[in-house]
């Protein structure tokens, strides 16, 4: 999966609207986080279209950079591992378990990939692949410190032998994902991506997701048949998606995701419009 692929950094800069030199420093990392999350949508549409999810460096670049698509963690952070390393950052792929809407007594699969970036003796977390909580600003990999991002306030805590990445909702801290600090080797990413994209019981097989950060601390998202706008962690507006063509229009106008007329995601009755 690592290979010797050389990414077209100029094409990537054009994809996200980055101007200037790509240098391995904190300023660049912050700009990349902001522009990537506001430009490249989180989405699982390839899974619903029964398309193979290619997580080779060349495949990720082709889909996200040249085809103007998005993806989920193994795609988004898989691409960024290669991009950041080529810029000159020292990066480490880490594994986690997404905990959004999951109680602590439930054990979710270890199917999240995120990135630790070492800069001048400090470790930072870069995560473009956790949906509506993807980091628009990198956060320090340090415990018990509230850290502001361009969107939510975040923190990392350590409880019962695990680290929990949490976000502030305005009234409570919620678990985004848990991790142990274990490196996620290429073969583990390959297996976890295969399970995520092909298992009929995986959440991406029976839910439609899209998410993107927008201005003034807002985010937009599609969850099945709902189009939502959120500020921080609070939903401020939502619209019912009433038809398959309505869904295609929202994907195009709000997420810059363009599919041929008549495209349908999945087969049979679904919690999102298919007819």
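The values are calculated or read from the model by the stated rules, or taken from the named source; none is laboratory data. The structure displayed is predicted, hence computed values, not measured ones. Virtual Cβ from ideal backbone geometry, glycine too; neighbours counted across all protein chains shown.
Here is how the numbers come out for the structure above:
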read-out: Hits in region 1-38 - residues which are closer than 20 Å to residue 113 by Cβ, surrounded by fewer than 17 Cβ atoms within 10 Å (Cβ to Cβ) and within 20 Å of the chain's Cα centre (by Cα); value: 2
read-out: Residue under evaluation residue 197, criteria (1) buried (at least 17 other Cβ atoms within 10 Å of the Cβ); (2) outside any loop (DSSP other than H, G, I, E, B); (3) in contact with a strand residue (DSSP E or B) (Cβ under 8 Å, 6 or more places away or on another chain), criterion not met; value: (3)
read-out: Matching option when the condition is crowded, with 21+ Cβ neighbours inside 10 Å, within 22 Å of residue 46 (Cα to Cα) and touching a strand residue (DSSP E or B) at 6+ places or on another chain (Cβ under 6 Å), among 89, 126, 114; value: 114
read-out: Filter result (assigned to a loop (DSSP other than H, G, I, E, B) and either exposed (fewer than 15 other Cβ atoms within 10 Å of the Cβ) or more than 19 Å from the chain's Cα centre (by Cα) (or both)) within region 225-237; value: 225
read-out: Checklist (1) surrounded by 14 or more Cβ atoms within 10 Å (Cβ to Cβ); (2) over 25 Å from residue 43 (Cβ atoms); (3) free of Cβ contacts under 8 Å to residues at least 60 places away in the same chain applied to residue 164, failing item; value: (3)
read-out: So residue 79, is it within 22 Å of residue 198 (Cβ to Cβ) and either surrounded by fewer than 20 Cβ atoms within 10 Å (Cβ to Cβ) or within 13 Å of the chain's Cα centre (by Cα) (or both); value: yes
read-out: Single condition residue 243 does not satisfy, out of (1) surrounded by fewer than 16 Cβ atoms within 10 Å (Cβ to Cβ); (2) touching a helix residue (DSSP H, G or I) at 6+ places or on another chain (Cβ under 8 Å); value: (2)
read-out: Any hit, region 153-164, residues being on the phi < 0 side of the Ramachandran plot and not in a strand (DSSP E or B); value: no
read-out: Criterion (crowded, with 20+ Cβ neighbours inside 10 Å, free of Cβ contacts under 8 Å to residues at least 24 places away in the same chain and out of contact with any strand residue (DSSP E or B) (no Cβ under 6 Å at 6 or more places or on another chain)) met by exactly one of 48, 60; value: 60
read-out: Residue check, residue 56 over 21 Å from residue 212 (Cβ atoms) and within 13 Å of the chain's Cα centre (by Cα); value: no
read-out: Region 204-229 residues that are on the phi > 0 side of the Ramachandran plot, paired with ones that are outside any loop (DSSP other than H, G, I, E, B) and modelled with pLDDT under 95 (beta carbon under 6 Å, 6 or more apart); value: 217/231
read-out: The lone exception for residue 66 - which of (1) within 17 Å of residue 35 (Cβ to Cβ); (2) without any contact (Cβ under 8 Å) to a residue 60 or more places away in the chain it fails; value: (1)
read-out: Number of positions in region 133-151 that are buried (at least 18 other Cβ atoms within 10 Å of the Cβ) and touching a helix residue (DSSP H, G or I) at 6+ places or on another chain (Cβ under 7 Å); value: 5
read-out: Filter pass, residue 169 being more than 23 Å from residue 115 (Cα to Cα), exposed (fewer than 15 other Cβ atoms within 10 Å of the Cβ) and modelled with pLDDT of 95 or more; value: no
read-out: Filter pass, residue 206 being within 28 Å of residue 154 (Cβ to Cβ), surrounded by fewer than 18 Cβ atoms within 10 Å (Cβ to Cβ) and either modelled with pLDDT under 95 or touching a strand residue (DSSP E or B) at 6+ places or on another chain (Cβ under 8 Å) (or both); value: no
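This table checks each residue for (1) more than 18 Å from the chain's Cα centre (by Cα); (2) not in a strand (DSSP E or B).
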position: 178; (1), (2): no, no
position: 181; (1), (2): yes, no
position: 187; (1), (2): yes, yes
position: 215; (1), (2): no, yes
position: 239; (1), (2): yes, no
position: 249; (1), (2): yes, yes
position: 262; (1), (2): yes, yes
